[in-house]
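Participant: Sharing a structure here in structure tokens format.
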């Protein structure tokens with residue numbers, strides 16, 4: 001699969017919101033450099049883009065139904081009320097992708113399995129309920145700065161906890 005960066009026109013073949021050069025520039029501004037190959041970084045960027053498009057809900061709708069990614073969007077505004085044109089890629093989206101891709105440098109997955117804080121026992125007065133292992137729930141900010149950037153432009157899709 002070729003690495004194709006969305007340019008704001010709604011490409012049908014794009015699989016990343018940000019180029020390798022832009023990713024490196026973002027991190028260079030934060031005094032971080034990379035020795036990994038461009039193809040390794042591109043794989044991180046593709047996976048980070050896939051994660052952002054499946055784990056977050058964005059206001060508005062795709063600019064073109066045939067476009068590959070969730071952006072560009074029509075009727076999009078961020079959580080501060082700033083409106084964007086249908087060709088804009090919000091900077092917080094790009095920053096969030098950079099942060100998620102960096103997580104992939106050291107972790108093999110972005111699967112939300114980081115935090116195990118499910119209630120297993122609840123007691124109210126004389127009543128007590130104990131639940132079976134319910135799995136894990138991810139925190140909206142489980143990926144640190146990425147979660148913060150995405151909070152400016154999206155709503156997190158709530159993880160589903162299914163009964164055992």
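Participant: Rounded to the nearest 0.05, what FRET efficiency do residue 39 and residue 152 have when you use their Cβ-Cβ distance and R0 = 30 Å?
Facilitator: 0.50
Participant: Within a 10 angstrom radius of the beta carbon, how do 16, 86 rank from fewest other beta carbons to most?
Facilitator: 86, 16
Participant: How would you rank 1-8, 77-84, highest first, on the average number of other Cβ atoms within 10 Å across their residues?
Facilitator: 1-8, 77-84
Participant: Right, here's the next one. Exposure proxy check: 65, 46 ranked by fewest other beta carbons within 10 Å?
Facilitator: The order, fewest Cβ neighbours first, is 65, 46.
Participant: Roughly what would the spin-label model give for residue 7 and residue 109, points 7 Å off Cα along C-beta, in nm?
Facilitator: My value for the distance between the label points is 3.7 nm.
Participant: Output the relative contact order of region 1-114, whole-number percent, from Cα pairs under 8 angstrom with separation of 6+ residues.
Facilitator: Relative contact order, region 1-114: 29 percent.
Participant: Now, a different point. For residue 91 and residue 22, calculate 0.36 nm times their separation in residues minus their Cα-Cα distance, and state this gained length in nm to one decimal.
Facilitator: Extra length available between residue 91 and residue 22 comes to 23.7 nm.
Every number in this text was worked out from the coordinates using simple rules, so none of it is lab data. Keep in mind that this is a model prediction, so the values were computed, not measured. Every residue, glycine as well, gets a Cβ built from its backbone with ideal geometry; the counts of neighbours run over all protein chains shown.
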